[in-house]
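J.: Questions regarding the structure given below will be posed in turn.
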Amino acid sequence: AAGAVVPTGGLLFLGGNTPWDMVLDTGVAGGGGLLRLATLGPHGSLLANRTAAYLGKISYGLYVYHPLCLWTAGALVDRGGFLFALGLNIAVSALSYRYLEAPFLRLKQRFEKLASRPV
């Protein structure tokens, strides 16, 4: 949790182009390191969490659709737009994975020369 809170809090409260940039950059790097440590180890790791694993599975959709979802939330909602955009992004990405990406991933087996194994 600290790996996500430290950099995000620094960006929200300190912003950019301030004398605190060196502290902020160190916090972001340290936060990234803490996130990396959270993924190590088979028990109690972030990767063992089913929700985090599912978000990782649909992560390409989260990346691709987030601008559209942020724009849509800004146009539809005055307050709580970020939470609405987050929920919308997860829903759109899940649908995209299920109905767009998964069929193409299944087609991949027809064209591979060596059988790949699931991750």
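The values are calculated or read from the model by the stated rules, or taken from the named source; none is laboratory data. Owing to the predicted nature of the structure, the values given are computational and were not obtained by experimental measurement. Please note: Cβ atoms are built from the backbone with ideal geometry, for glycine as well, and neighbour counts cover all protein chains shown. With ligands, DNA and RNA removed, areas are computed over all heavy atoms of the protein, side chains included. Shrake-Rupley method; radii C 1.70, N 1.55, O 1.52, S 1.80 Å.
J.: Is it the case, given these coordinates, that Leu70 is open to solvent by 50 Å² or more (accessible area, probe 1.4 Å), in a helix (DSSP H, G or I) and not aromatic (Phe, Trp, Tyr)?
T.: Yes.
J.: Any residue at all in the stretch 48-66 that is surrounded by 13 or more Cβ atoms within 10 Å (Cβ to Cβ), modelled with pLDDT of 85 or more and of a type in the set (Lys, Arg)?
T.: yes
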